[in-house]
Structures are given as C-alpha cells and as structure tokens.
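Trainee: Starting off with a structure, shown below.
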C-alpha cells in the first residue's frame, strides 16, 4: 500500500511496512514488547488458577455461540464498509459493498499492525480510495469523517462505560481521571480536525508547519470537500455506524463468555471491553497486544466472571478480532499496493 506514512506525499514505491530502518526497528520492538506483555498476562492468570481449567473451557466451547461470535465480527467489516460507502455516495462517487468491506479489512489490518491509534489505517484506506479513481476532495472528506465519527463514537461509549463502572462501585480516582483526560483529548482532536478540514492553515499554525509531517497533514486536510465534512447528518450517520462496530465488538466478547457456560451481564462485559480499549489506544504495542488482554481479564473479573473464563474468552476474542484478520489483511494490502504501483507506472512500449 503506498503512502501510508501519515499523509505523506505520494509516489513511494516501497511497501508501507518497509520504509525506514528506524521505523522497522521500532515496529519490531513494539511487537516484542506486546508479546512479552501477553505472556506475562497468561502466566499471571495461570499462577492464580489451574491450567487444566483453561484447557477444559476451550474444549467445552459451544459451537453455536462461537459461530455467532464469528458472525458478529464479520458484521463489523460490513459496518465499516458502509461508512465509506456513505461518504463516497454523498460525494457522488459510488462504491460497491464488497470493495468497501475490503477497505474495512485493510483499515483494520493497518490499525492492528501499526500502533498509531487508528491513523495508519485511515490513511491507508484513503490511498486505496484514490487508486479506485475517487476524486481527491471526496477521498479526504472520507478520511476526515471516518476519524471524526470514530472519535465521537468512542467518547460516547467510554462515557457510558464509565457510568457503568461508577454505578457498580469499581471506579477509582485514577480511572476516572484517565477517562476524563482521554475524553478531553479526543474531543480537542476532533474539534481541531473539524475546524481545519477544507480550510487553509490558520496563521496561528504557521509556526507548527516547520515540521514536515504537520505541514503535509494540514495540506491534506485543506483538500477536503467542505460540503461533506460540514454535513451534520452525514457525521451523525457515520457515528451511528461506528457505535454499531463498538457494540458488535463488545457483544462478541459477551457471546464468547456465554459460550463457556458463564452467565454475565452484558453491561459489565461492555464496560470491561471499553476500559481495555482505552488502554489499548494509549499503549505503544500493536493493537494493544498484552495491554488489552491484561485490562480485559481484570475488568471481566470485576464483573464477576471467573478468572479462567475471563482469560479464555479474552484470548478467543483477540483471536477473532486481532489475529484472524491478519492474513487476509496482508493479502488485501499487498494486492492494493501492487495495483496502485501499476497505475503509477508509465505504459510499456509497444
């Protein structure tokens, strides 16, 4: 996939994950840290429980519940694709559902592989849009709206989860402070993106443009179709779809808990999922590897779920949502990158 370096200039003929040596080193280091963190979580859980309990639970997973969990995860790609179709159709650039779902898978792959809090996936999909011949202003508007809708949905879900945690008496001053700071930061980022989209950089920001990546980012944002980025109904619809994705993910985790014969309140599982997602977002490991698992197991245990069930369901969830999409994501990414590279190559002589 070309041009995934956070809104960099086009024309890079190397694959996105093989750009600079120091970038590769940081990426490998983050994966190693994540693997070590995950191993520590599993070891800690095994220390406080019997390993045979985990093996027994995994053998007793009810197939019907597991199939339902897979279907819920497939629906997340459908909703992500619908966000892209929604924006592109509003810009009179029609996108097929299958293509949109592939773009959703592509976004997930980059979000998981590169720890950039969703930015890498958004920019990768934007570059793929351009390869489909969609006008540049519509492409950038899609980038802007998808980022805004994600931030809005995330803040709403996090507030809901915090309310559940406070009601159940598990809130601490540190947790509330972390959620509030993250919420304020997300809202500030969303407001900044909304104000800058479709406009030339403000004079007050000229000093920041000494950094090339900031200058390029502001230049890209200025290309957005203002009629799309300023449409409140379009943003509301995209936010509703992103909320649906979050609810489907949380429901997948709840279904996996139920597949092991454990009865747990959906609200408790949802709150645990969101708190784990918060730590995943601010973590430095790809997809919050290790961090998400540790936070999810702890939060599910708060909700009254036995430790073996909490760990087993979390690992199964990560298998479906994190590991399973990796191979198809790599294939889609490679195919899209090759297609874009071919479209930039001059035609052969005759």
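Please treat every number below as a calculation from the coordinates, not as lab data. Please read these numbers as outputs of a predicted model, since none were measured by experiment. With ideal geometry, Cβ positions are generated from the backbone for all residues, glycine too; neighbour counts draw on all protein chains shown.
Trainee: Got a sec? How would 109, 66 order by Cβ neighbour count within 10 Å, fewest to most?
Mentor: 66, 109
Trainee: I need the peptides 89-101, 146-158, 126-138 ranked by packing, meaning the mean over residues of other C-beta atoms within 10 angstrom, with the highest value on top.
Mentor: Averaged packing, sorted descending, gives the order 146-158, 126-138, 89-101.
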